[in-house]
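The values are calculated or read from the model by the stated rules, or taken from the named source; none is laboratory data. Only a predicted model underlies this, so the values are computations on that prediction, with no experimental measurement involved. With ligands, DNA and RNA removed, areas are computed over all heavy atoms of the protein, side chains included. Shrake-Rupley method; radii C 1.70, N 1.55, O 1.52, S 1.80 Å.
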Amino acid sequence: MATITLPGLIDVHVHLRDPGATHKEDFETGTRAALKGGFTRVIDMPNNSEPTTSIRALKKKKRLVAGKALIPVGFHFGTNGKNTSSFLAAAADEQVFGLKLYCNHTTGEMLIEDLGLLEKVFEAWETDKPILVHAEGVQLAAVISLAQLYGRRLHVCHITQAIEVELVARAKGKGIGVTAGVCPHHLFMSGEWREKLGPYALMKPPLGTKKDMQALRKGLTSGVIDIVETDHAPHTKKEKASKVPPYGVPGLDTALPLMYRAVDEGWFEEKGIRTVLHDRPRELFRIPKQIKTRVVLETGSFKIGDDGYETKCGWSPFDGWDVPVRVKSVMLEGKTLLTEGKIVGRK
Ligand SMILES: [Zn+2]
């Protein structure tokens, strides 16, 4: 059976729910899901119930990671606009890769809508580590101008709408330091999946139109969109089936095989997979190289979910989708962590 070898993949956008919501995921199960999906490094978002907006909360996460994670986990520091005095120490931390800023409502309580506070954040983040934003529509236009005014690097998370791709393309054309990431669910699903899957296709930003989906595919192919990030955001089936289902879907187990499906579907080039899941994420977030690290895929015909999920939530919106590869083995810095599809070690 033919195999494909890749470097260890990097996901710069995951919510591993630890601490605070470890019934959904924790650093152990989340990094197991990563390994199963071919990732050997992930960067965790700060919107936990105890948000990572202080050095104390950051230290706590580091301790938890050290005891539980199977692969290296980095962090994005969070801001509510009122913790700028911690920025210097956070930016100097080598396990911190960026600052996350929420400009639209989502899970957690770190929303900043006040222009004065936003300006303060851009002024105070005096480092070339990127500011990552959840900013949709008009909010995106606002943070692009702030990035330009303050000379900061901006990474636009989970870009969703055609107009946003256009904004990023224009900003890049003007030489503004903006990059963008897209999630597999936005690349493969448009709004009608909400009717098919109900709460299991509910996330922020929401699924767009078919036109949006086409613009995202084109943007990724042309390089206007730099990377694929999963926004792995697990919730239990019970929570999803409740009257007020939470936003978010898991993605670590499934992102890589889906990108090979994109190659089969004819809208993405195989050589681009390494670029969007390894080379560019590494470049944008200045991520150290992992030596003697490789992911081997076997090719064939597989179905997502056939051999279960490693994510604690145990489901995927892509359950049952046909994919042409699966992760066969993972070696991280000379040590075999996964072989014949089974996890056998930790870093
Ligand atoms: Zn997210």
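For region 138-144, the Karplus equation 6.51 cos²θ - 1.76 cosθ + 1.60, evaluated at θ = phi - 60°, returns couplings of 4, 4, 5, 4, 5, 6, 4 Hz by residue, with Gly and Pro reported as x.
Take CYS103: with every protein chain present and a 1.4 Å probe, its accessible area is about 0 Å². If you take the Cα centroid of region 115-146 and the Cα centroid of region 177-239, the two points sit 22 Å apart.
Shape of region 1-78 from its Cα gyration tensor (a ≥ b ≥ c, root eigenvalues): rounded if a/c is under 1.5, otherwise prolate when a/b > b/c, or oblate? Prolate shape, in that a/c is at least 1.5 and a/b is the bigger ratio.
Counting only aspartates and glutamates at least 8 places from LYS289 when in the same chain, those with an alpha carbon closer than 16 Å to its own are ASP11, GLU94, ASP279, GLU333.
So which residue, out of ALA92, ALA34, ALA262, gets the largest mean-square fluctuation from a GNM of the chain using Cα contacts under 10 Å as springs? It is ALA92. Across region 69-79, coupling constants 3J(HN,Hα) worked out from phi with the 6.51/-1.76/1.60 Karplus curve, θ = phi - 60°, read 6, 8, 9, x, 10, x, 9, 9, 6, x, 9 Hz, and Gly and Pro carry x. In this structure the amide hydrogen of THR179, modeled in the peptide plane, comes within under 5 Å of the amide hydrogens of LEU154, HIS155, VAL156, none closer than 5 places in sequence on its chain. Ordered by 1.4 Å accessible area with all protein chains kept, VAL344, VAL168 run largest first as VAL344, VAL168. Amide H of ILE43 versus every other amide H placed in the peptide plane: which residues, excluding those fewer than 5 positions away on the same chain, fall under 5 Å? Amide H neighbours of ILE43: ASP11, VAL12, HIS13, VAL14, GLY74.
Counting heavy atoms of the protein chains alone, ASP279 has an accessible area of about 50 Å² for a 1.4 Å probe.
Across region 264-280, rounded Karplus estimates of 3J(HN,Hα) from the backbone phi angles (6.51 cos²θ - 1.76 cosθ + 1.60, θ = phi - 60°) give 4, 6, x, 10, 9, 8, 4, 5, x, 4, 4, 4, 7, 10, 9, 4, 5 Hz, Gly and Pro being marked x. Taking a ≥ b ≥ c as the square roots of the Cα gyration tensor eigenvalues, with a/c under 1.5 meaning rounded and otherwise prolate when a/b beats b/c, else oblate, which class fits region 246-289? Here region 246-289 falls in the oblate category. Residues whose amide H lies under 5 Å from that of LEU338, counting only those 5 or more places away or on a different chain, are VAL330, VAL344; hydrogens are built 1.01 Å from N in the peptide plane. When the listed pairs LYS271/LYS328; LYS59/LYS100; LYS61/LYS240; LYS100/LYS196; LYS172/LYS271 are checked against a 21 Å cut-off, the alpha-carbon distance exceeds it for LYS61/LYS240; LYS100/LYS196; LYS172/LYS271.
Spatially, region 1-44 and region 279-315 are offset by 7 Å when compared through their Cα centroids. Need one word for region 97-239: rounded, prolate or oblate. Basis is the Cα gyration tensor (sqrt eigenvalues a ≥ b ≥ c); a/c below 1.5 gives rounded, then a/b vs b/c decides. Judged from the Cα gyration tensor, region 97-239 comes out oblate (a/c at least 1.5, b/c at or above a/b).
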